[in-house]
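For reference, the structure is listed below as structure tokens.
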Amino acid sequence: MSLPGFIKHLRVLEDAGLIARTKEGRVVSCELSAAPMKEAAVWMSRYEKFWTEKLDSLARYLYQQEELQTWSKPSSGKSPRLSSPAATRSRRRKSGARGPTRKR
């Protein structure tokens with residue numbers, strides 16, 4: 001990462017109140033502020049319960065749909081596509097060229 005890019009990231013963190021920067025000459029010191037992180041953790045915990053419930057519900061629904069599809073598939077006899085290759089001749093034609101050719 002370049003120095004200007006790094007400084008830009010520091011500025012974003014400072015604007016968000018996550019760090020406090022001090023500059024003495026060419027030395028930049030940063031101090032981490034924990035209070036905004038606690039607020040973010042509280043905010044995220046409120047939504048964690050909501051999304052956990054929603055995603056668990058979605059997982060149950062998808063599992064049930066998968067089970068229903070498994071039960072509804074016909075299991076009688078062989079599929080006509082699965083016959084042996086020796087019984088039916090291949091209908092593929094040999095291709096001549098492999099696509100458009102360019103003239104140079």
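Stretching Ser29 away from Thr70 to a fully extended chain increases their span by 8.6 nm, per 0.36 nm per residue minus the current alpha-carbon distance.
Approximating the spin labels as points 7 Å out from Cα along Cα→Cβ, the Val42-to-Val12 distance works out to 2.6 nm.
Residues whose amide H lies under 5 Å from that of Ile19, counting only those 5 or more places away or on a different chain, are Glu14, Ser33; hydrogens are built 1.01 Å from N in the peptide plane.
What number comes out for the charge environment of Leu3, summing +1 per Lys or Arg and -1 per Asp or Glu over other residues with Cβ under 13 Å away? Intermediate results must be reported in sequence, preceding the final value.
On the way: positive: Lys8, Arg11, Arg26; negative: none.
Taking every other residue near Leu3 into account, the sum is +3.
Could you give the C-alpha radius of gyration of the range 4-54 expressed as a fraction of 2.2 N^0.38 Å, taking N as the number of residues it contains?
Against the empirical 2.2 N^0.38 Å value, I get 1.58 for the range 4-54.
Every number here is computed from the coordinates shown, using simple stated rules; none is lab data. None of the values given here were measured: they were computed from a predicted structure. Don't worry about glycine lacking a Cβ; one is built from the backbone with ideal geometry, like all the others, and counts go over all protein chains shown.
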